[in-house]
Amino acid sequence: MTISFKDRVAIVTGAGGGIGRAYALELARRGAKVVVNDLGGARDGTGHSDMALQVVEEIKAAGGEAMSNGGSVTEYDQMAEMVAKTKEAWGRVDILINNAGILRDKSFTKMEPADFELVVKVHLIGSAYATKAVWDTMREQNYGRILMTSSSTGLYGNFGQANYGAAKLGLVGLTKTLAIEGAKNNIKVNNIAPVAATRMTEDIFPEAALALFAPELVVPASLYLVSEEAPTNTTLGAGAGVVHAANVTMTNGVLLGADERNPEGVAKHFAEITDRAGETVPQTGAEQSGLVMGKLSGN
Ligand code: NAI
């Protein structure tokens, strides 16, 4: 099976460098018309530059089609304008990769409220804004592929990244509900948790790891997740050629006896409550409620 993006129109946010640039180049190489969005700021989100334009030139030099966009994902109007310009030029939007991001790492003790707010704004609110800007178009087309960018920090935590982790797990929640809401219009919504050597990780990764984690090695999983054949509501981790899936699981749980429905009863059964044997992965909140109801009726 060959995965082609011929005649597809794709928007990649934060595609002026790092992983986003690698997405844009490969989408274009496989036939997509690509909007390369990037504010062109520094890693902490300050400043502007023409990073997006340089990637567009690279794509054009290789014979592909692309246009640049310098809008910020934190401004809904700029995202709406980007989508309007895309449709004016190419008539549709098939793919949105929400990839733009910044870091303002500090232990929570030292983290200023403004650093918490801006990181959540760029990653979580920014992805919601860009998605909202394409949503009606994808519904009308009865076709859409949206990829959110999570992180191992969101899924599992990391010291010094309370702001980033909160935003990144928020994106899993956004993915899950939009996958449900988009289903009837063939809009598939997925999530990638990448690991790559970029300016975001250059001073975090040991030197030897940098060579193994080329941003290009995140591309296969992400492009599969925005292809025609894509699943929906899936979170994949990808880096250095390794691809895995991450799930939000639920243990079988315990139906507390009538005289155990108190904190002491939870303490008594805690080992059984948290026992992972036979745990499930509910696909919707309603399915989770159904499993709880099943427990009540002894199933
Ligand atoms: P990067 O810093 O090279 O790329 C992020 C891009 O987003 C930058 O080019 C930046 O200018 C752009 N950007 C920032 N704020 C923006 C805004 N308001 N509007 C538009 N563009 C904006 O970093 P990298 O590593 O390529 O990160 C890409 C995504 O992958 C990010 O969401 C990041 O959080 C995520 N990620 C990366 C990991 C890694 O190992 N490199 C690990 C986990 C997640």
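Values as computed for the structure displayed
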item: Number of the condition not met by LEU225 [criteria: (1) in contact with a Ser or Thr (Cβ under 6 Å, 6 or more places away or on another chain); (2) closer than 30 Å to ILE19 by Cα]; result: (1)
item: Flag for ASP115 being of a type in the set (Asp, Glu) and more than 13 Å from the ligand (Cβ to nearest atom); result: yes
item: Number of positions in segment 143-157 that are open to solvent by less than 10 Å² (accessible area, probe 1.4 Å), away from the ligand (no atom under 13 Å from the Cβ) and not in a strand (DSSP E or B); result: 0
item: Subset of segment 110-142 (residues that are open to solvent by less than 70 Å² (accessible area, probe 1.4 Å) and outside any helix (DSSP H, G or I)); result: MET111
item: Of residues in segment 163-185 being over 20 Å from VAL120 (Cβ atoms) and either in contact with a Phe, Trp or Tyr (Cβ under 6 Å, 6 or more places away or on another chain) or open to solvent by 30 Å² or more (accessible area, probe 1.4 Å) (or both), the one farthest from the ligand (Cβ to nearest atom); result: LYS184
item: Pair list, Cβ < 7 Å and 6+ apart or interchain, from segment 228-247 residues that are within 21 Å of ASN185 (Cβ to Cβ) to residues that are part of a loop (DSSP other than H, G, I, E, B) and open to solvent by 60 Å² or more (accessible area, probe 1.4 Å); result: ASN233/GLN283
item: Residue list for segment 206-216, restricted to those being more than 8 Å from the ligand (Cβ to nearest atom), within 21 Å of ARG43 (Cβ to Cβ) and not small (Gly, Ala, Ser); result: PRO206, GLU207, LEU210, GLU216
item: First in segment 88-115 and on the phi < 0 side of the Ramachandran plot, second anywhere and among the basic types (Lys, Arg) and within 11 Å of the ligand (Cβ to nearest atom), Cβ under 6 Å, 6 or more apart; result: LEU103/ARG43
item: ARG104 vs. criteria in contact with an Asp or Glu (Cβ under 8 Å, 6 or more places away or on another chain), of a type outside the set (Gly, Ala, Ser), part of a loop (DSSP other than H, G, I, E, B) and more than 16 Å from LEU39 (Cα to Cα); result: yes
item: Residues satisfying the stated conditions in segment 148-162, i.e. under 12 Å from VAL120 (Cβ atoms) and under 16 Å from the mean Cα position of the chain (by Cα); result: GLY154
item: Residue check for ALA89: in a helix (DSSP H, G or I), open to solvent by 10 Å² or more (accessible area, probe 1.4 Å) and touching a strand residue (DSSP E or B) at 6+ places or on another chain (Cβ under 7 Å); result: yes
item: Strands (runs of 3 or more DSSP E) wholly inside segment 186-261 containing at least 2 residues that are among the polar types (S, T, N, Q) and either modelled with pLDDT of 95 or more or open to solvent by 40 Å² or more (accessible area, probe 1.4 Å) (or both); result: 187-194
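The values are calculated or read from the model by the stated rules, or taken from the named source; none is laboratory data. In this text the structure is predicted, and so the values were computed from the model without any measurement. Using ideal geometry, Cβ is built from the backbone for each residue, glycine included, and neighbour counts are taken over all protein chains shown. Keep in mind that these areas ignore ligands, DNA and RNA; they rest on the heavy atoms of the full protein, side chains included. Shrake-Rupley method; radii C 1.70, N 1.55, O 1.52, S 1.80 Å.
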